[in-house]
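Some notes on the structure that comes next.
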Amino acid sequence: MTRAGMRERRTAQAEGVVRKHHPDRLILVFTLILMLVGLLIIYAIGPQRANLMNAIYDYAYSDNYFFIKQLVSFGLALGAFFAMASIPYNWVLKHGTKVLWVGFIASFGLALAYWFGAVEATNGAARWIELGPLGSIQPSEILKFGLLLYLAVFLGVRAKDGKINDVQGTLLPVAAITGLAMLVVIVIQRDLGTGISLTAIVATMLYVAGINKKIILALGAVLLVAGLLLIFTSPHRVERVMTYLQGDSTSTSDDESYHIQQAKIALGSGGAFGVGIGSSVQASGYLPESMNDSIFAIIGETFGFIGTVSLIAVFVALLMRLLRVMDFLVDLRLKLLVAGVFGWLAAHVILNIAAMIGIFPLTGITLPLLSYGGTSMLFMTAALGLVYQLSRYTVHPSRIKEVSSHENSRSRRGVGRTRYAGRRSS
């Protein structure tokens, strides 16, 4: 935080505008519910997955192999949540640029290792750094978290100075750092799903910062053209889009069509109340990525329509808590940080579920807090833990007008409150 920002916060606290209080515990409750549901599903279908891997690849996985690994990830993710809830947010924001560059260096290092044959590829690209007995880590998640922290500070400062729409001083630097991140994730690692979530983070933060609507439309047009180029220059992505457009008429011999058809079978088989825990048929090798990208379909098969609707309701409730925290924060940097976490979580939830029910092409994006794997869960819970900490510094709804006039009296001309904050009430 700059000296001016520290003085401003001390002044606000002295006037009783911002007082540290209890955090929004519902954020923790909803996060835990989602993580526990994911752990339960991995426990139920883990033995089937282990037996399948043993039969195909001659491995020697125990029945509890995947559950134990996920349990370790669960513990690490919970630790990350409480660590970010405890470490002073100013310190975290101060080191955001360092986290971003660690993500870039790790990603480019992984790409070089792949090009020189030092690491193996999965689906044509290397996305994970193997850490031996410790498992693996995905550099793009570090990159995502670092970009979130960096933009919160950068855009917050530019918006406070009334220069959020400055093309040369604001938009070009954002475009450059975001473009570099997209180059790493989409072009080098061939991970369009993560690229979409990065776009959601940046777009949400720019919107909340108060960027001009004409600039938003222009950026949207650029992203649309870039997205089409990325799709039609990759046969794999073209195949996914064609499968989506052709719907159920696609041949079952097509890999992408097979995946979505099996997901629909899983969801349909669950009926209203599901087949029950441990009775999944699709997890026995019919549904690809049953513990990862397709876990929503397995949840539908296990708990039925009621279960999936309840799960979506928990996600919506968590997202609404994030909006509430963002709405009642005074510091614009913190508002933008929470906005970025909202965009990150919402993009993953919407794209994953939409792909599983056939209303969006498959993107290979995980369902946050539920899918098998540690890196995605680790950084998502870290981000949510940071929001949990920030919820201690929200302003009571009845004092929003007082805060607005307090900010305006300090000559923040052209900034005021964010777009979203002006639309909500308690």
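The values are calculated or read from the model by the stated rules, or taken from the named source; none is laboratory data. The shown structure was predicted, so the numbers you read here are calculated from the model rather than taken from an experiment. Cβ atoms come from the backbone with ideal geometry, glycine included; neighbour counts cover every protein chain shown.
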For PHE82, which of the numbered conditions (1) of a type in the set (Phe, Trp, Tyr); (2) more than 22 Å from VAL325 (Cβ to Cβ); (3) surrounded by fewer than 17 Cβ atoms within 10 Å (Cβ to Cβ) fails to hold? (2)
I'm told ARG417 meets every condition in (1) at pLDDT below 80; (2) at positive phi except one. Can you identify the failing condition by its number? (2)
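Can you name the residue in the range 142-170 that is polar (S, T, N, Q) and out of contact with any Lys or Arg (no Cβ under 7 Å at 6 or more places or on another chain) and, of all such residues, is farthest from LEU337 (Cα to Cα)?
Here is the first cut: in the range 142-170, the ones polar (S, T, N, Q) are 165, 168, 170.
Narrowing the set further to residues that are out of contact with any Lys or Arg (no Cβ under 7 Å at 6 or more places or on another chain) leaves 165, 168.
Working: ASN165: 19, GLN168: 23 Å.
Among residues in the range 142-170 that are polar (S, T, N, Q) and out of contact with any Lys or Arg (no Cβ under 7 Å at 6 or more places or on another chain), the one farthest from LEU337 (Cα to Cα) is GLN168.
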Conditions (1) modelled with pLDDT of 95 or more; (2) under 30 Å from ARG190 (Cβ atoms); (3) among the aliphatic types (A, V, I, L, M): number failed by LEU367: (1)
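Okay, residues lined up against (1) modelled with pLDDT under 85; (2) among the small types (Gly, Ala, Ser); (3) in a loop (DSSP other than H, G, I, E, B):
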{"residue": "ARG158", "(1), (2), (3)": "no, no, no"}
{"residue": "ILE164", "(1), (2), (3)": "no, no, yes"}
{"residue": "ALA181", "(1), (2), (3)": "no, yes, no"}
{"residue": "VAL202", "(1), (2), (3)": "no, no, no"}
{"residue": "ILE215", "(1), (2), (3)": "yes, no, no"}
{"residue": "GLY220", "(1), (2), (3)": "yes, yes, no"}
Using the structure shown, decide if ALA55 is farther than 30 Å from ARG392 by Cα and not in a helix (DSSP H, G or I). no
Matching residues, the range 280-292, being crowded, with 24+ Cβ neighbours inside 10 Å and within 27 Å of the chain's Cα centre (by Cα): GLN282, ALA283, LEU287, SER290
I need the full set of residues from the range 199-209 which are touching a helix residue (DSSP H, G or I) at 6+ places or on another chain (Cβ under 6 Å) and crowded, with 21+ Cβ neighbours inside 10 Å, in order please. ILE201, VAL202, THR204, MET205, VAL208, ALA209
For the structure I just gave you, tell me whether LEU345 is farther than 17 Å from LEU143 by Cα and not basic (Lys, Arg). no
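State whether the residues of the range 43-52 include one that is under 19 Å from MET84 (Cβ atoms), in a helix (DSSP H, G or I) and at pLDDT 90 or above. It would help to see each step written out before you state the result.
First, pick out the residues of the range 43-52 that are under 19 Å from MET84 (Cβ atoms): none.
No: zero hits.
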What is the number of the single condition among (1) touching a Leu at 6+ places or on another chain (Cβ under 9 Å); (2) at pLDDT 80 or above that SER234 does not meet? (2)
Can you find a residue that is within 21 Å of GLY103 (Cβ to Cβ), touching a helix residue (DSSP H, G or I) at 6+ places or on another chain (Cβ under 6 Å) and either modelled with pLDDT under 75 or among the polar types (S, T, N, Q) (or both) anywhere in the range 140-155? yes
Pairs needed: first member in the range 45-62, touching a residue at least 24 places away in the same chain (Cβ under 8 Å); second member anywhere, among the β-branched types (Val, Ile, Thr); C-beta distance under 9 Å; at least 6 residues apart or different chains. ILE45/ILE295; ILE45/ILE298; ILE45/THR302; GLY46/ILE68; ARG49/ILE42
